[in-house]
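The values are calculated or read from the model by the stated rules, or taken from the named source; none is laboratory data. For clarity, every value in this text was computed on a predicted model and none was experimentally measured. Please note: Cβ atoms are built from the backbone with ideal geometry, for glycine as well, and neighbour counts cover all protein chains shown. All accessible areas refer to the heavy atoms of the entire protein, side chains included, with ligands and DNA or RNA removed. Shrake-Rupley method; radii C 1.70, N 1.55, O 1.52, S 1.80 Å.
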Amino acid sequence: QVELVESGGGLVQAGDSLRLSCLARGRTVSGDAMGWFRQAPGKERELVTGISFSGGNTYYANSVKGRFTISRDNAKNMVYLQMNNLKPEDTAVYSCAIAVSPYLSTTPEAYEHWGQGTQVTVSS
């Protein structure tokens with residue numbers, strides 16, 4: 001059974017940066033596509049970004065394109081989310097997830113197995 005553990009969230013001001021990390025425990029995820037989701041209070045969970053098993057293909061929601069960067073280190077079983085120029089509307093709980101396919105997955109339904117998440121709060 002794989003466990004996903006996110007870290008790196010916090011309270012920042014608009015325009016600041018944060019780097020989130022996701023560690024997979026229990027088995028390797030080097031053969032899995034991965035993604036980051038976020039959920040703000042009262043809103044549905046949103047797929048923010050995804051990355052293929054090799055890291056060669058990525059997807060970004062329009063709301064974060066140009067500001068967020070997903071990456072992975074398969075040797076460390078880690079996935080990262082670099083968030084720059086944060087905005088108050090980025091405030092949410094961010095969770096990483098494993099896709100059912102090793103290839104880039106751009107729809108929420110293609111993911112299973114989420115972590116508990118890490119809170120990101122951006123003040124104006």
Confirm whether GLY66 is of a type outside the set (Phe, Trp, Tyr) and open to solvent by less than 30 Å² (accessible area, probe 1.4 Å). no
What pairs come up if the first residue lies in segment 80-100 and is under 12 Å from ARG38 (Cβ atoms) and surrounded by fewer than 22 Cβ atoms within 10 Å (Cβ to Cβ), the second is among the aromatic types (Phe, Trp, Tyr) and at pLDDT 95 or above, and their beta carbons are under 8 Å apart, counting only those six or more places apart or on different chains? none
